[in-house]
Amino acid sequence: MQEKFYFELQKVDKKTGARAGILHTPHGKIVTPVYMPVGTQATVKGILPEQLKSVNAQIILSNAYHLYLRPGHHVVAEAGGLHTFMGWDRPILTDSGGFQVFSLAKLNKIQDEGVYFQSHIDGSKHFFTPEKVMEIENALGADIIMQFDECSAYGSDFAYARKALERTSIWLERCARAHTNENQALFPIVQGNFYRELRLKSLEYALQYAKYGIGIGGLSVGEPKAKMYEMLEILQPHLPQNIPHYLMGVGTPDCLLEGVARGIDMFDCVYATRIARNGTALTSSGKVVVRNGQYKNDFSPLDESCNCICCKNYTKAYLRHLLNTGEILAATLLSIHNIYFLTKLMQDTRKAILEDRFVEFANHFAKQMNLAMTTKFDVI
RNA sequence: GGGAAGUUUCCAGAGUGGCCAAAUGGAUCAGACUGUAAAUCUGACGUCUCCGACUUCAGUAGUUCGAAUCUACUACUUCCCA
């Protein structure tokens, strides 16, 4: 396994600690920092694997909870695993369902032993334990699998946050013990809500099992961005250099840069594809709500400087028309563009880090996009 | 030529004396979206000096304390019979 999965750190930005590296997996290399598109139900909504490749997606995310419910992890295993099942031969990471414990909270009952789930599809009852989740993730066969964790809500009090983190720690130990598939790298997840002490405690425990990489969870759950950055800064000095650092569920272009500036190597987020389906595009000059009336007669591309299929071939007026008429193609084209935009951002970021000009690059980009950045950068 | 029904705010369409600036769809306009229960959700949608005021429900004239709602006539639309 060590031969198949390891992280090669190439460069660390002296000013910020931003990193560039290469993550080797059984399904190929991933250059970092990397944005990972989310394909919860074994599909990045609206996009073909071929198109994902054309947009330079190196690795995608899927989800144990959702695939367990439908079609059932055994079906995926029978198909030959997730890669074969969905026709994607590059790396895959599966989330454990820990986030669904959080986002589907009304349907769950959390106990130390595990979580009683009520299916959001048909109300049927299920019991998830760390062991069960490992069985599912092992069957799915992703390259990277996340531990089963409990993501506590923003606003949780100290006592509850500590309880959730202790549970996460115990579950980690159980996940590690139950994990049998040698072709998969298990990532622990740091929790601890927004309490410095708990974050550090969680990290300390997680590091015992962070052989291949580490996830940082429980952030970007409704808190102000500054709060999230503060938590990352608490962790940054203590994160081992020889493994990738994965910030779960982030994010927007500004959050990506802010994350990189705090030592993050991997990101995933629904944002790009969701806002695409809802008619918004990320462009080098800021967010563009293509659905809006002002683009009715705008026959220019979404982003003049973009090389994606969407920008090379279609105009804003056409995209608006597709959105306006409810055509599926709108979702596809905008998703392609938005993913390309973020993968390109990470490529450019990586290049800048390797060339010792990360802060300058980030400043320039943020200014162009009119982003509000923190004191890590000059553009505030 | 004769008879019947109808005309409501962008469209469709409720409303048949006060609780009506007028239900509900749609269209339109705008906003939100961060490990996906999201091709979803939210708001606006007569005018204004917008916690209040004003002008509306084909037109005109009436009845009434009060009319989109009742009466008369006019105009237009649709259907049926010749």
*Order A:Phe187, A:Phe361, most accessible first, counting only protein heavy atoms with a 1.4 angstrom probe.*
A:Phe361, A:Phe187
*Top to bottom by accessible area (1.4 Å), largest first, where do A:Asp378, A:Asp112 land?*
A:Asp378, A:Asp112
*asked:* Restricting things to Cα coordinates, could you compute the convex hull volume per residue of chain A in Å³?
replied: 132
*Taking a probe of 1.4 Å, how large is the accessible area per residue of the range A:1-50, in Å²?*
45
*Roll a 1.4 angstrom probe over the protein heavy atoms and tell me the percent of accessible area of the range A:119-183 that is carbon or sulfur.*
52
_Three principal axis lengths of the range A:47-150 [C-alpha, angstrom, descending]_ = 43, 26, 24
*Share of the range A:1-107's accessible area from carbon and sulfur, percent, 1.4 Å?*
53
*Taking the range A:244-380 as the region of interest, what is the percent of Cα-Cα pairs per 5 angstrom bin, listed from the shortest bin to the one with the maximum distance?*
2, 11, 20, 22, 18, 13, 9, 5, 1, 0
*asked:* Output wanted: per-residue J couplings in Hz (rounded whole) for the range A:325-342, from phi through Karplus 6.51 cos²θ - 1.76 cosθ + 1.60, θ = phi - 60°, x for Gly and Pro.
replied: 9, x, 6, 4, 4, 4, 4, 4, 5, 5, 5, 4, 4, 5, 5, 4, 4, 6
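Rounding to the nearest 20 debye, state how big the charge dipole of the range A:1-48 is about its Cα centre with +1 on each Lys and Arg Cβ and -1 on each Asp and Glu Cβ. Let's see the in-between values first.
Values: 7 positive and 3 negative charges, 37 e Å.
Using only the charged Cβ atoms, the result is roughly 180 debye.
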*Using θ = phi - 60° and the Karplus form 6.51 cos²θ - 1.76 cosθ + 1.60, what ³J(HN,Hα) does each residue of the range A:44-57 get, whole Hz, x for Gly and Pro?*
7, 3, x, 10, 7, x, 4, 5, 4, 5, 5, 9, 6, 6
*Please report, in debye to the nearest 20, how large the charge dipole of the range A:172-284 is about its Cα centre when each Lys and Arg carries +1 at its beta carbon and each Asp and Glu carries -1 there.*
220
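Given the range A:194-318, report the % of alpha carbon pairs whose separation exceeds 26 Å. Kindly include the intermediate steps, with their values, before the conclusion.
Details: 2887 of 7750 pairs.
Above the 26 Å cut-off, the range A:194-318 has 37 percent of its Cα pairs.
Report the net charge of residues surrounding A:Lys367, where surrounding means a beta-carbon distance below 13 angstrom and charges are Lys +1, Arg +1, Asp -1, Glu -1. Intermediate results must be reported in sequence, preceding the final value.
Numbers: positive: none; negative: A:Asp254, A:Glu360, A:Asp378.
Value of the local net charge: -3.
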*For the range A:66-164, what is the accessible area per residue in Å² when the probe is 1.4 Å?*
41
_Backbone HN-Hα couplings from phi across the range A:171-176 [Karplus 6.51/-1.76/1.60, Hz, Gly and Pro as x]_ = 5, 4, 4, 5, 4, 4
_Lys/Arg +1, Asp/Glu -1 at C-beta; chain A dipole; positive extreme among A:Leu232, A:Gly80, A:Met146_ = A:Leu232
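For the range A:17-82, count the residues as N, evaluate 2.2 N^0.38 Å, and divide the Cα radius of gyration by that value, please. Walk me through the numbers before you get to the answer.
On the way: Rg = 13.8 Å, N = 66, 2.2 N^0.38 = 10.8 Å.
Output field value: 1.28.
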*So, in Å, what gap is there between the alpha-carbon centers of the range A:138-175 and the range A:218-251?*
15
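Please compute, over every Cα-Cα pair in the range A:271-324, the percentage with a separation greater than 15 angstrom. Don't jump to the answer; show the numbers that get you there.
Numbers: 579 of 1431 pairs.
Cα-Cα pairs in the range A:271-324 separated by more than 15 Å: 40 percent.
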*Determine the dipole magnitude for the range A:100-173: charges of +1 sit on the beta-carbon of Lys and Arg, -1 on that of Asp and Glu, nothing else is charged, the reference point is the Cα centre, and the result goes in debye to the nearest 20.*
360
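Give the ranking of A:Arg174, A:Arg162 by solvent-accessible surface, highest area first, calculated with a 1.4 Å probe.
Values: A:Arg174 35, A:Arg162 95 Å².
The most accessible residue leads, giving A:Arg162, A:Arg174.
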*For the range A:178-244, which semi-axes, largest first and in whole Å, follow from the square roots of 5 times the eigenvalues of its Cα gyration tensor?*
23, 12, 11
*Round to the nearest 10 and report in Å² the accessible area of A:Glu304, as given by a 1.4 Å probe over the protein chains' heavy atoms.*
140
*Net charge, A:Asn338 excluded, C-beta distance under 13 Å - Lys, Arg +1, Asp, Glu -1*: +4
*When the helices in chain A are scored as -39500 (n - 2.57) per DSSP H run of 4 or longer and the sum is shared across all residues, what 222 nm value do you end up with, to the nearest 500 deg cm²/dmol?*
-12000 deg cm²/dmol
*How large, in percent, is the carbon and sulfur part of the accessible surface of the range A:218-263 at a probe radius of 1.4 Å?*
54
*What are the residues whose amide H is under 5 Å from the amide H of A:Glu8, where those residues sit 5 or more places off or on another chain and H is modelled from the backbone?*
A:Ile22, A:Leu23, A:His24
*Kindly report the accessible area of the range A:183-317 per residue (heavy atoms of protein chains, probe 1.4 Å, no ligands, DNA or RNA), in Å².*
37
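The values are calculated or read from the model by the stated rules, or taken from the named source; none is laboratory data. Because the structure is a prediction, the values reported are computed rather than measured. When we count neighbours, we look across all protein chains shown, and the Cβ atoms used for this are built from the backbone with ideal geometry, even at glycine. For the accessible areas, the whole protein counts, side chains as well, though only heavy atoms, and no ligand, DNA or RNA atoms are used. Shrake-Rupley method; radii C 1.70, N 1.55, O 1.52, S 1.80 Å.
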